[in-house]
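Input: a single structure, listed below in structure tokens.
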Amino acid sequence: MDADGRPFFQNAIASNVSSDGAQLSRLNHPLKIGDIIGIQFEDKKARFQIKWVKSLGLPRSMSAGVWVLPNQTVPWAQMAAAASQSLAASKGSERRRFARHNISFPITISFPHGARAHMQCSATDIGGRGCYVETLVPLATGTQIIVSLWIDSEKVTCKGVVRASDPGVGMGIEFLDLQMEIQQRLQEYLDKIDKGFASAASQNG
């Protein structure tokens with residue numbers, strides 16, 4: 001049931017999965033904190049409670065944090081265990097210094113030598129070293145691109161490469177030549193935006 005009391009069924013994208021919950025994105029039904037919903041992954045199901053909800057700045061596009069109910073097992077238990085091991089192996093590396101933020105952040109993608117028209121899009125998961133862009137027709141893995149974004153009123157441009165391509169879902173992009181100083185400034189800017197969203201959500205809640 002959604003926040004308006006209507007039953008719904010839809011596909012969503014889960015990230016930050018753990019043995020206790022996950023972050024869901026690409027939700028197009030209104031939800032509110034405390035709601036109980038059922039989630040299915042492959043052939044397994046469980047019931048979860050909504051812990052937080054965030055608008056992504058697009059019509060009927062939301063993300064939410066869900067926590068599994070007592071005496072229930074998350075449907076992605078095996079995946080969560082593998083992710084936990086992978087995170088432990090990479091903990092302390094330089095990449096972990098740049099936390100990813102699940103916010104709608106406008107970027108422009110262009111191509112070397114002007115081979116194709118610019119792409120105006122929004123990253124929905126972004127950090128100082130890269131981002132994820134939701135699109136039904138992602139670029140092929142390995143595609144060399146140029147990424148332009150704004151830190152406050154300053155335009156920043158860097159080379160990038162598509163590291164992951166998920167047809168019908170989106171693509172993961174790595175920033176290649178972004179100077180460390182600019183990476184730090186971008187990360188601080190994203191931290192500030194995300195904290196602003198969290199503060200607004202708390203006040204509205």
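For the structure I just gave you, tell me whether V169 is assigned by TED's automatic domain parsing to the domain that holds I109 and either more than 19 Å from the chain's Cα centre (by Cα) or modelled with pLDDT of 90 or more (or both). No: the conditions fail for V169.
Take the conditions (1) in a strand (DSSP E or B); (2) at pLDDT 90 or above; (3) within 19 Å of the chain's Cα centre (by Cα); S122 misses just one of them, which is (2). Identify, please: which residue in the range 1-41 is surrounded by fewer than 13 Cβ atoms within 10 Å (Cβ to Cβ) and acidic (D, E) and is, among those, nearest to the chain's Cα centre (by Cα)? This residue is D20.
Taking L87 as the residue in question, decide whether it is part of a helix (DSSP H, G or I), modelled with pLDDT under 90 and within 26 Å of Q23 (Cα to Cα). So L87 fits the description; yes. Taken residue by residue, the range 59-70 has at least one member that is among the polar types (S, T, N, Q) and surrounded by 17 or more Cβ atoms within 10 Å (Cβ to Cβ). Every listed requirement among (1) closer than 30 Å to K32 by Cβ; (2) at pLDDT below 65 is met by P75 save one, (2).
Kindly indicate whether L136 is farther than 14 Å from F105 by Cβ and either in contact (Cβ under 8 Å) with a residue 40 or more places away in the chain or in the same structural domain as T108 (by TED's automatic domain parsing) (or both). Answer is yes for this residue.
The number of residues in the range 125-166 that are of a type in the set (S, T, Y), within 18 Å of the chain's Cα centre (by Cα) and not in a strand (DSSP E or B) comes to 1.
One residue is enough: does the range 163-181 have a residue meeting the conditions among the β-branched types (V, I, T), surrounded by 15 or more Cβ atoms within 10 Å (Cβ to Cβ) and over 19 Å from E134 (Cβ atoms)? Within the range 163-181, not a single residue is among the β-branched types (V, I, T), surrounded by 15 or more Cβ atoms within 10 Å (Cβ to Cβ) and over 19 Å from E134 (Cβ atoms).
Out of the range 108-135, which residues are closer than 18 Å to S63 by Cα and in contact with a Gly (Cβ under 8 Å, 6 or more places away or on another chain)? Selection gives S122, T124, C131, Y132, V133, E134, T135.
Criterion applied to K44, K54 was being within 23 Å of A123 (Cα to Cα), touching a Ser or Thr at 6+ places or on another chain (Cβ under 9 Å) and surrounded by 13 or more Cβ atoms within 10 Å (Cβ to Cβ), and the one residue passing it is K54. Across the range 172-187, the qualifying residues are those that are more than 18 Å from D152 (Cβ to Cβ) and among the aliphatic types (A, V, I, L, M), and the one among them that is modelled with the highest pLDDT is I173. Whether a residue is farther than 26 Å from L27 by Cβ and touching a Phe, Trp or Tyr at 6+ places or on another chain (Cβ under 8 Å) was assessed, and I126 does not pass this test. The residues of the range 13-33 that are under 15 Å from R47 (Cβ atoms) and not in a strand (DSSP E or B), listed by number, are D20, L31.
The values are calculated or read from the model by the stated rules, or taken from the named source; none is laboratory data. Since the structure is predicted, the reported quantities are computational estimates derived from the model, not experimental observations. No Cβ is skipped: glycine too gets one built from the backbone with ideal geometry, and neighbour counts run over all protein chains shown.
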